[in-house]
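Read the figures in this text as sums done on the coordinates, not as results from a lab. Remember, predicted model here, so these are calculated numbers, not experimental data. Virtual Cβ from ideal backbone geometry, glycine too; neighbours counted across all protein chains shown.
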Amino acid sequence: MYQRVVQRRLQAFFGSNELMPNQQSAYRQHHSTETAVLKVYNDLLMAAESGLVSALCLLDLTAAFDTVVHDLLLLRLERQFSLLWFRSCLSGRSYRVR
């Protein structure tokens with residue numbers, strides 16, 4: 001429940017301050033993985049029609065958050081947004097996937 005409140009407030013903050021790139025599909029209303037795929041597909045078609053060569057590199061970031069150094073993330077968030085409550089939200093927490 002707490003995470004949902006944080007997510008909604010962050011989304012509102014990023015949206016009202018125009019901090020989300022236009023191409024950002026994750027965590028945005030009316031955007032999905034399908035939106036992202038269609039954008040990439042359209043870009044590839046446009047490049048091909050212009051006679052350009054394209055390369056596509058796909059990364060699986062499923063466990064990307066597991067590789068983030070939480071202390072570094074907190075430091076950057078505090079510098080950028082002065083949101084000290086991130087520290088209490090992320091400190092001492094763990095999770096397990098079965």
Asn17 paired with Val53, simple spin-label distance in nm, labels 7 Å along Cα-to-beta-carbon: 4.2 nm
Residue-span extension gain [Val5 to Arg76] - 0.36 nm each, minus C-alpha spacing: 23.4 nm
Inverse of mean 1/r across different Cα pairs in the stretch 1-57, Kirkwood, Å: 13.5 Å
Estimated dipole of the stretch 1-57 in Debye, rounded to 20 [Cβ of Lys and Arg +1, of Asp and Glu -1, Cα centre]: 420 debye
